[in-house]
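Asker: Can you keep this structure in mind? I'll have questions shortly.
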């Protein structure tokens, strides 16, 4: 089992290292969509984020995960990662 706060902090740190703009943890958590239209992350950065999260947590996102609404924000990513970790 993993600690929700540990997973959330690691994901936040991964995203903050990748994105161009300066953003606080609180602001990042309030973002509904991590997407190009908001200017937070571009398509190459999304690929980098996926790679880093998979390596850090030793998981693989399914195509269903990548297309889900949960995948579009930090809290959703935490849920997906925790589910993947707990089903290994």
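Asker: Tell me the residue from 22, 70 that is within 10 Å of the chain's Cα centre (by Cα) and surrounded by fewer than 17 Cβ atoms within 10 Å (Cβ to Cβ), please. If you could, list the steps in order and put the result at the bottom.
Answerer: Values: 22 fails: within 10 Å of the chain's Cα centre (by Cα).
Going through 22, 70 in turn, just one is within 10 Å of the chain's Cα centre (by Cα) and surrounded by fewer than 17 Cβ atoms within 10 Å (Cβ to Cβ): 70.
Asker: Hey, any hits in region 36-48 for a residue that's in a helix (DSSP H, G or I), touching a helix residue (DSSP H, G or I) at 6+ places or on another chain (Cβ under 6 Å) and modelled with pLDDT under 90?
Answerer: No.
Asker: Here is a list: 65, 51. Which entry is farther than 18 Å from residue 6 by Cα and surrounded by 18 or more Cβ atoms within 10 Å (Cβ to Cβ)? It would help to see each step written out before you state the result.
Answerer: Values: 51 fails: surrounded by 18 or more Cβ atoms within 10 Å (Cβ to Cβ).
Result of the check over 65, 51: 65.
Asker: Let me ask you something else. Filter region 76-88 down to the residues that are touching a residue at least 40 places away in the same chain (Cβ under 8 Å) and surrounded by fewer than 16 Cβ atoms within 10 Å (Cβ to Cβ) and list them by number. If you could, list the steps in order and put the result at the bottom.
Answerer: Residues of region 76-88 that are touching a residue at least 40 places away in the same chain (Cβ under 8 Å), as a first pass: 77-78, 81-82, 85-86.
Hits for region 76-88 are 85, 86.
Asker: Going by the conditions given, is residue 40 within 13 Å of the chain's Cα centre (by Cα), in contact (Cβ under 8 Å) with a residue 12 or more places away in the chain and either surrounded by fewer than 17 Cβ atoms within 10 Å (Cβ to Cβ) or closer than 19 Å to residue 4 by Cβ (or both)? Steps first, please.
Answerer: On the way: within 13 Å of the chain's Cα centre (by Cα): yes; in contact (Cβ under 8 Å) with a residue 12 or more places away in the chain: yes; either surrounded by fewer than 17 Cβ atoms within 10 Å (Cβ to Cβ) or closer than 19 Å to residue 4 by Cβ (or both): no.
For residue 40, the condition - within 13 Å of the chain's Cα centre (by Cα), in contact (Cβ under 8 Å) with a residue 12 or more places away in the chain and either surrounded by fewer than 17 Cβ atoms within 10 Å (Cβ to Cβ) or closer than 19 Å to residue 4 by Cβ (or both) - is not met.
The values are calculated or read from the model by the stated rules, or taken from the named source; none is laboratory data. Here the structure is a predicted model, which is why all the values come from computation and not from measurement. No Cβ is skipped: glycine too gets one built from the backbone with ideal geometry, and neighbour counts run over all protein chains shown.
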